1. Does region B:259-269 contain at least one residue that is of a type in the set (G, A, S), within 21 Å of B:A343 (Cβ to Cβ) and in contact (Cβ under 8 Å) with a residue 60 or more places away in the chain?
2. Which count do you get for residues in region A:1-29 that are farther than 21 Å from B:A168 by Cα, part of a helix (DSSP H, G or I) and of a type in the set (A, V, I, L, M)?
3. Report yes if some residue within region A:92-101 is facing chain B (nearest Cβ under 7 Å) and of a type in the set (S, T, Y); otherwise report no.
4. Any idea which residue in region B:6-52 is farthest from B:Q186 (Cα to Cα), counting only those that are of a type in the set (V, I, T) and within 13 Å of chain A (Cβ to nearest Cβ)?
5. Examine region B:97-108 for a residue that is over 23 Å from B:A5 (Cα atoms), facing another protein chain (nearest Cβ under 10 Å) and among the aliphatic types (A, V, I, L, M), and state whether such a residue exists.
6. Within the set of pairs 6+ apart or on separate chains, which have a first residue in region A:12-26 that is at the interface with chain B (Cβ under 7 Å from one of its Cβ atoms), a second that is of a type in the set (D, E, K, R), and C-beta atoms under 6 Å apart?
7. Restricting the search to region B:279-314, which residues are part of a loop (DSSP other than H, G, I, E, B), within 25 Å of B:Q230 (Cα to Cα) and either without any contact (Cβ under 8 Å) to a residue 60 or more places away in the chain or not hydrophobic (A, V, I, L, M, F, W, C) (or both)?
8. Scan B:Q202, B:Q196, B:Q191 and give me the residue that is part of a loop (DSSP other than H, G, I, E, B), among the polar types (S, T, N, Q) and in contact (Cβ under 8 Å) with a residue 24 or more places away in the chain.
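The values are calculated or read from the model by the stated rules, or taken from the named source; none is laboratory data. Predicted, not measured: the structure shown is a model, and the values here were computed from it. Every residue, glycine as well, gets a Cβ built from its backbone with ideal geometry; the counts of neighbours run over all protein chains shown.
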Amino acid sequence: MTERLEIASVLLKIQGTLFLIAGLTALPFGIVEPSMRLEGLMTILLAVALYVLSRGVRRNRRWAMRSTKIVELLSLLGSILLAILPIGAVRGPVPLLTNILLPAAVILLIGLRKRKDAQVGVGAVTAA
Amino acid sequence: MYDVASEHSAALTVLLLLLPIWLAVRWLPRYQAASLLTRWAAWLMLATGLLHLALIPTHLPAEALTALLFLIDGLGFLVLSVAAFFTRWWRPVAGFWLSATILAYLLWVIAGWETPDQVGIACKLIELMALGLVMRLKVHSRHTWPRRAWRAVALPLMTSLTTISVFAGGLAHPDALHAHAGAVLQPVNFQATPEQTHAAQQLLAETRAALAPYQDPAVAIAAGYQRGSQSDADSLEHWSNKANAGVILDPARPQDLVYLRTPHGLVLTGAMFQMPRIGQWGPDPGGPLTQWHQHEGICFSPFGLEFAFATPFWTCPLGSISVTTPPMLHVWIVANPAGQFAADFDPRAARQLQKGASS
C-alpha cells in the first residue's frame, strides 16, 4: 500500500522538477515579455508545491493526497483538452508521457491505494 | 523543436512487446512475490532496454560505435530487469547503469554526436523514473542524514541536469532539419539545381509584384487582412487574411503580410504562406532555397500573446499552452541578410529599416 505512495512521490518529484525548469526557462523571456515573468514565477511556485506534495504523499498525509489529486486531475484534463484541439499540443511520445501518462499514473496510484484500503476494510469487517 | 526522428519512430513499436511479456510473467511466483517498486523499476528498465535494442539497426550502418553502445546498454537493462526478481545485488548495479546511461546520452548530445529527438528524450524520462524508484528501495541499515539528504536532492538534480543538457545540446548543435530553436525544417536536397534557383527567383519576383499595393496598410485592410497580435518584444507584425486559409503558395493570395513597425509607420517586409494542416509540407519550387518550416513545442501565452520555448520534456510555464503551427514559408521582399526565404527576418536589417524610415 505505501509502495504505491512511494512511486507516486517519485513521479511527483520528477514532475516538480520539469515544472521548475519550465518556470526558469520562461524567466529570460520575461525580460521583454511581462506576462512570461509572472507565468515563470507561478510555475516555480507550482514546482515547489509539487515537491511539498511529494513529501506529503510519501508520508501518507490526507491533505497531500487530496491536493495532489486535484492538481493532477486539472493537469490531466487540461492536457487532454489541448490534445483534442488541432493545435499540436501533444505530438509524440514525450508530451504523451509528461502531460498525460505521468499525471494519470499519479492519480491511479493514489486512487488505487484508497480502493485497496476500502477492500481491506470490507475484508476485516467480513472476517469479524 | 524536438520531433521524432524518422529513423527512430519505428523503434517505438517495440514497446508493444511489453503487453505479451506482462501477460506471460504476471502469474510467476517470483514476480508476484516482488515488491511493487521492484516491479515498476523492472518494467521501466525493460522498456528502455527494448528501445535501445530496437534502435540498433538504424544506427549500425553509419554509427557503429553508437550501435554497439546501444547493444551493451539494451542487454544490460534486459539483464537487470530480470535480475530484479532473482538477485539482491541488482539495485546498486541498476542505479549505476541508469546514471551512466543518462550521463552518456548527455555527453553525446553536448558533444554533438547525437541530435536530441523525442525517442531519446522519452528514454531519458523513463530512465529517470526508474532511477528514482531504484533510489527509493530502502536500505534500512544506512539511514544517516547525508544519505537521506542525497536521496532527496539527487533525482531533481539529475532531472535538471538532463533537461538543461538536452536543451543546450539541441541549441548548440542544430541538425540540418533544425534551422533555429523551435522550428523543424522541411526535408530537402542539399544543393539547389539551376531550375530550382530560377523557380525561387520567380516566386520572389511574383510575390514582390503581388505585394506592391499592400505597402499601404489601408489597401491590405480593404483586401481583408486583419492586424494580428502586437508584442513589444518583436517589431514585426503579421496581418492575416482568413479568406486565404486554404490557398496553397499563391503569390497573389498569401495568408499573412508581414509589416515592420518603425517610428514613421508600418513598412511591408514580406509575406508568409502557410499550409492548412500541421505536418503538411508545402510545395517548394526552389528546393532548399524555399524550405518550409514548422514551429513545434512553442509555449504560447494567451495573456499578452507572448511566446517561450517548451523544455525538451515538452513542459510550458503555467498559463501557457504548447502549440505547433502548420508549415510556413516566408518570402521577404526587402533585403534580408538571412536569406529572402529565411524563417527569420534578420534583426540588423530590421534596425536598418527603422533607421532609414526615421531619417
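1. no
2. Looking only at that region, the number is 6.
3. yes
4. The selected residue is B:T38.
5. Scanning region B:97-108, I find no residue that is over 23 Å from B:A5 (Cα atoms), facing another protein chain (nearest Cβ under 10 Å) and among the aliphatic types (A, V, I, L, M), so the answer is no.
6. These pairs meet every condition: A:A26/A:E39.
7. Matches in region B:279-314: B:E296, B:G297, B:P302, B:F303, B:G304, B:T311.
8. B:Q191
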